[in-house]
1. Residue 56 versus residue 82, label points 7 Å from Cα toward the beta carbon: distance in nm?
2. Where the eigenvalues come from the Cα gyration tensor of the stretch 1-48, what are the semi-axes √(5λ) of the equivalent ellipsoid, largest first, in whole Å?
3. Jot down the per residue volume, in cubic angstrom and as a whole number, of the convex hull over the alpha-carbon atoms of the chain.
4. Using heavy-atom solvent-accessible surface (probe 1.4 Å) with all chains present, what is the largest-first order of 6, 89?
Amino acid sequence: QVQLVESGGGLVQAGGSLRLACAASGRTFSRYAVGWFRQVPGKEREAVSAMHWDGVNTYYADSVKGRFTISRDNAKNTVYLAMNSLKPEDTAVYYCAADPKPGSYYRAAHYNYWGQGTQVTVSS
């Protein structure tokens, strides 16, 4: 069992930056794929970025390419999402997820372990 806790959300003006963190406890998750997803009311949860357990293969949604960067620090059991040049349309609840099984790590359905979410609000 893995517990995930996100932090770093908040209110920022358009063009600003935030860094989200997701701390894992319960198991060492160096062999887990990790992902960041976001959701707004009335819409499905969408993949923002994900990283294979190898730390090399990554996925980014087209809408965030060049602005967001996913990284992980296995020594700290933490995964990060650096978000730059934020836009109002990035406003959402952001969730981190983790799972040890191989497969489509860029899909929400791949993940069994989820954090509680952190709100990101970008004002125009």
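1. The modelled label-to-label distance comes out at 2.2 nm.
2. With the √(5λ) rule applied to the stretch 1-48, the semi-axes are 24, 15, 10 Å.
3. 93 Å³
4. 89, 6
The values are calculated or read from the model by the stated rules, or taken from the named source; none is laboratory data. Since this is a predicted model, take the numbers as computed values, not measurements. Note: ideal-geometry Cβ built from the backbone for every residue, glycine included; neighbour counts use all protein chains shown. Only protein heavy atoms, including side chains, enter the accessible area calculation; ligands, DNA and RNA are left aside. Shrake-Rupley method; radii C 1.70, N 1.55, O 1.52, S 1.80 Å.
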